[in-house]
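The values are calculated or read from the model by the stated rules, or taken from the named source; none is laboratory data. This structure is a prediction, so every number in the text was calculated from the model and none was measured. Cβ placement follows ideal geometry from the backbone for every residue including glycine, while neighbour counts extend to all protein chains displayed. Side chains included, ligands, DNA and RNA excluded: accessible areas come from the protein's heavy atoms. Shrake-Rupley method; radii C 1.70, N 1.55, O 1.52, S 1.80 Å.
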Amino acid sequence: HPLTVSSVCACLCMFSTLLQEHVVSIVTNLLHKVPLASKSRNRVLSKFAEQECEKLDRLVELWSEYSEKIGPAADSLEPSLGEEAEEQYLELLGSGLYVLQQLALVIAYLWASGDPAVQKRLVFVMHQYGHTLREVSEVLQRQFLFVYEGQEGAKEDEEKERLKGLIEIITKSLSD
């Protein structure tokens, strides 16, 4: 097959998307696996405030892109709907919901850091894109219901409690 400009552009676009998704995954895992009060975690979080919150702005831009990509399909999913809902959930994970959940976790960790400047910027930029922290909370709550509800085990309990804590921090701020 001869190489055309459009085929090269398509490959670069796909590579760019995959690279973005890998970077989101790495940042999420850094924040998720590093101890809460460590210097390493604070270093990662502080990167989002550098250069006039450039990385935070990009994070919210990605949130907006993936949120629109998934759309209202994820809103209607309820684990109580059984196997059909689980199948839809798995399809959505492959279509971008997994990345949206990771972005939600990073946003939640940024919010939970308690930095007023970062929180203010986060709300401002999300509002610019037509989104709210409530949407972040809803994505995390749905993830909690599908992944952790009814599961037991030491590792699951730790992950479950961490996610539950992030949801509570965001939910509390919504009611203030």
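Contact map, region 36-58: first residue within 18 Å of Val24 (Cβ to Cβ), second residue outside any helix (DSSP H, G or I) and of a type in the set (Ser, Thr, Tyr), Cβ cut-off under 8 Å, separation 6 or more or different chains; pairs are Leu45/Ser113.
When the test is whether a residue is in a helix (DSSP H, G or I) and at pLDDT 90 or above, Arg41 does not pass it. When region 36-61 is filtered for residues that are open to solvent by 90 Å² or more (accessible area, probe 1.4 Å) and at positive phi, the ones remaining, listed by number, are Gln51, Glu52.
Test Ser95 against the criterion of being polar (S, T, N, Q), over 20 Å from Val27 (Cβ atoms), over 16 Å from the mean Cα position of the chain (by Cα) and surrounded by 14 or more Cβ atoms within 10 Å (Cβ to Cβ), and give yes or no. Taking the combined requirement at face value, the residue does not satisfy it.
The residue that is surrounded by the most Cβ atoms within 10 Å (Cβ to Cβ), counting only those in region 101-135 that are among the basic types (Lys, Arg) and under 13 Å from Cys53 (Cβ atoms), is Arg121.
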